[in-house]
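Enquirer: Starting off with a structure, shown below.
The values are calculated or read from the model by the stated rules, or taken from the named source; none is laboratory data. Fair warning: this is a prediction, and the values are worked out from it, not measured in the lab. Every residue, glycine as well, gets a Cβ built from its backbone with ideal geometry; the counts of neighbours run over all protein chains shown.
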Amino acid sequence: MKKDKNKHFKYERTLTLIKPDGIQRSLMGEIIKRYERAGLKLVGIKMTVPSSLHIEKHYTLDPEWRRITGEKTIKGYKDKGMKPPCEDPYKITGKILNNLIKYMTSGPVVAMVWQGAHAVGIVRKITGGTEPLTSDVGTIRGDYVLDSYEMSDMDLRSVRNLVHASGTVAESEREIAHWFKESELINYKLVAEQILYDVNLDGVLE
């Protein structure tokens, strides 16, 4: 994707959702703290109980999501030497989507928009891999969740991994527009941005 030379990396935005299990386990403050400590700026936040339709639209904003997710799931089974439930990616994704809807509408979620240099990649790194079991120590999912794909499959539910984080800049733009009105996002300055982004660190010394 061609970059707009006039748009600095510091304006990149990404969407995160603290899922119902994150709220029930009282991890909201810890999750927010981790993103803040990296230097990201919170420009939008709301708590809501999403509808089934809203969650379905969220996961299908990308028309290729059903195919790609199904194919990745089938590959994941085979990579572990396991037989997938079926070979049709769309059938598999249908079950995944139903489980996600149950999971994401089971209670309130906290939707947030974070802004800062390489926001999408930084948030993904801090959050950790999708499966908690294989997520690195030091990430949110690696440190605070015991769940795995095998256990969630056994229980016929979605894997519980605390947080959703946009995967790409294009995806984040679609997801932010789905969860927030433009008027709900606030443009403001943080004192810390002078240290993070000022080229010459002007104003540090008196």
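Enquirer: So which residues in the range 81-109 are touching a residue at least 60 places away in the same chain (Cβ under 8 Å) and either loosely packed, with under 12 Cβ neighbours inside 10 Å or not in a loop (DSSP other than H, G, I, E, B) (or both), if there are any at all?
Expert: Ile96, Tyr103, Met104, Val109
Enquirer: Is it fair to say Ile68 is surrounded by 14 or more Cβ atoms within 10 Å (Cβ to Cβ) and β-branched (Val, Ile, Thr)?
Expert: Details: surrounded by 14 or more Cβ atoms within 10 Å (Cβ to Cβ): no; β-branched (Val, Ile, Thr): yes.
Taking the combined requirement at face value, the residue does not satisfy it.
Enquirer: Restricting attention to the range 33-48, which residues are surrounded by 14 or more Cβ atoms within 10 Å (Cβ to Cβ) and either over 13 Å from Ala165 (Cβ atoms) or of a type in the set (D, E, K, R) (or both)?
Expert: Arg34, Glu36, Gly39, Lys41, Leu42, Val43, Gly44, Ile45
Enquirer: Next question. Which condition number does Gly167 fail, the rest of (1) in contact (Cβ under 8 Å) with a residue 12 or more places away in the chain; (2) assigned to a helix (DSSP H, G or I); (3) surrounded by fewer than 20 Cβ atoms within 10 Å (Cβ to Cβ) being met?
Expert: Every condition holds for Gly167 apart from (2).
Enquirer: Kindly establish whether Gly76 is outside any loop (DSSP other than H, G, I, E, B) and modelled with pLDDT of 95 or more.
Expert: no
Enquirer: Would a scan of the range 126-146 turn up a residue that is of a type in the set (Gly, Ala, Ser), within 17 Å of Glu30 (Cα to Cα) and part of a helix (DSSP H, G or I)?
Expert: Taking every residue of the range 126-146 in turn, at least one turns out to be of a type in the set (Gly, Ala, Ser), within 17 Å of Glu30 (Cα to Cα) and part of a helix (DSSP H, G or I).
Enquirer: Exactly one condition in (1) touching a residue at least 60 places away in the same chain (Cβ under 8 Å); (2) more than 22 Å from Val49 (Cβ to Cβ) is false for Gly128; which is it?
Expert: For Gly128, the exception is condition (1).
Enquirer: Here are Val113, Val123: which of them is in contact with a helix residue (DSSP H, G or I) (Cβ under 6 Å, 6 or more places away or on another chain), outside any loop (DSSP other than H, G, I, E, B) and touching a residue at least 60 places away in the same chain (Cβ under 8 Å)?
Expert: After applying the criteria, what remains is Val113.
Enquirer: Inspect the range 8-16 for any residue being part of a loop (DSSP other than H, G, I, E, B), in contact with a Gly (Cβ under 8 Å, 6 or more places away or on another chain) and surrounded by 16 or more Cβ atoms within 10 Å (Cβ to Cβ) and give the result as yes or no.
Expert: yes
Enquirer: Here is a follow-up. Please verify whether Asp62 is surrounded by 12 or more Cβ atoms within 10 Å (Cβ to Cβ), under 21 Å from Ser152 (Cβ atoms) and under 18 Å from the mean Cα position of the chain (by Cα), treating the condition exactly as stated.
Expert: Against the criterion (surrounded by 12 or more Cβ atoms within 10 Å (Cβ to Cβ), under 21 Å from Ser152 (Cβ atoms) and under 18 Å from the mean Cα position of the chain (by Cα)), Asp62 does not qualify.
Enquirer: If a residue must be more than 20 Å from His8 (Cα to Cα) and in a helix (DSSP H, G or I), how many such residues does the range 175-204 contain?
Expert: Residues of the range 175-204 more than 20 Å from His8 (Cα to Cα): 175, 177-181, 183-184, 203-204.
Add one more test, that the residue is in a helix (DSSP H, G or I), and what stays is 175, 177-179, 183-184.
Residues that pass the stated criteria total 6.
Enquirer: Please enumerate the residues belonging to the range 30-53 that are farther than 15 Å from Trp114 by Cα and either of a type in the set (Phe, Trp, Tyr) or without any contact (Cβ under 8 Å) to a residue 12 or more places away in the chain (or both).
Expert: Within the range 30-53, just Leu53 meets the criteria.
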